[in-house]
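Colleague: Have a look at this one before I ask anything.
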Amino acid sequence: MKTLAFPLLAALVALPVLSGCDSNDDDETTYDVQFTALNNSGVTGTAELTMDDNDFTVEIDADDLDATVHPQHIHGAPGGTVTAQAVCPTMADDANADGFVDVLEGLPRYGAILLPLDDDISTQAQNVSGFPTGTSIDYSESTSVVALRSALVKDDSDTSDPIGTLGADGIVDLDDYVIVIHGTNDELPASVGTLPGLPSQATLPVACGRITRS
Ligand SMILES: [Cu+2]
């Protein structure tokens, strides 16, 4: 009993010291995003992403949105037509020349959804009611780096859906990915493309910004 108890006690004493070491922010990486309006939305905003040894945090501030739900994602999962860096689309990507760069026309530029920025960023599952709603976004969510890695670093189990992964050998470095904010109240012509089962108003990109390491 004595031999069993002593290592346990030693481990308990050592634990706070170890966790104290782990929580230092020496390895913190910060990324900045400057949003550009898309589809004449007038949306302005910025985002900051931070990653240290333990935690991953996303903060988004945006204004001049329409009063509706705003799905927002980190885009840029490799595969499909994105082979190197994700970029924000421009009006030059309006393939059918209807005056809108819709969510499908943007995909070749920004790639698949990597991470929905809803109320739980530890998983790729989308919780629509967890997306920001209204004319401004004041968003902050965190998760552990361990959870983020397990969500993203794996092979894509369904390459036909709009959500992609980093692959089993992938590295979580968000430099050169983008954040896209969607959702408008504008009346849109039927020519505006969308994802299966979703109205085009919900998916129309209204702002996009490149994630750039500070
Ligand atoms: Cu998106």
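Colleague: Whenever you get a sec, compute what percent of the accessible area on the stretch 27-213 sits on carbon and sulfur atoms (1.4 Å probe). Kindly include the intermediate steps, with their values, before the conclusion.
Modeller: Values: 3960 of 8340 Å².
Roughly 47 percent of what the probe reaches on the stretch 27-213 is carbon or sulfur.
Colleague: May I pose another question? Which number do you get for Rg(Cα) / (2.2 N^0.38 Å) in the stretch 27-213? Spell out each step's value before the answer.
Modeller: Details: Rg = 15.3 Å, N = 187, 2.2 N^0.38 = 16.1 Å.
The reported ratio for this selection is 0.95.
Colleague: Per residue, how many Å² of accessible area does the stretch 139-212 show with a 1.4 Å probe?
Modeller: 46
The values are calculated or read from the model by the stated rules, or taken from the named source; none is laboratory data. Here the structure is a predicted model, which is why all the values come from computation and not from measurement. Just the protein is used for accessible areas: all its heavy atoms, side chains included, with ligands, DNA and RNA removed. Shrake-Rupley method; radii C 1.70, N 1.55, O 1.52, S 1.80 Å.
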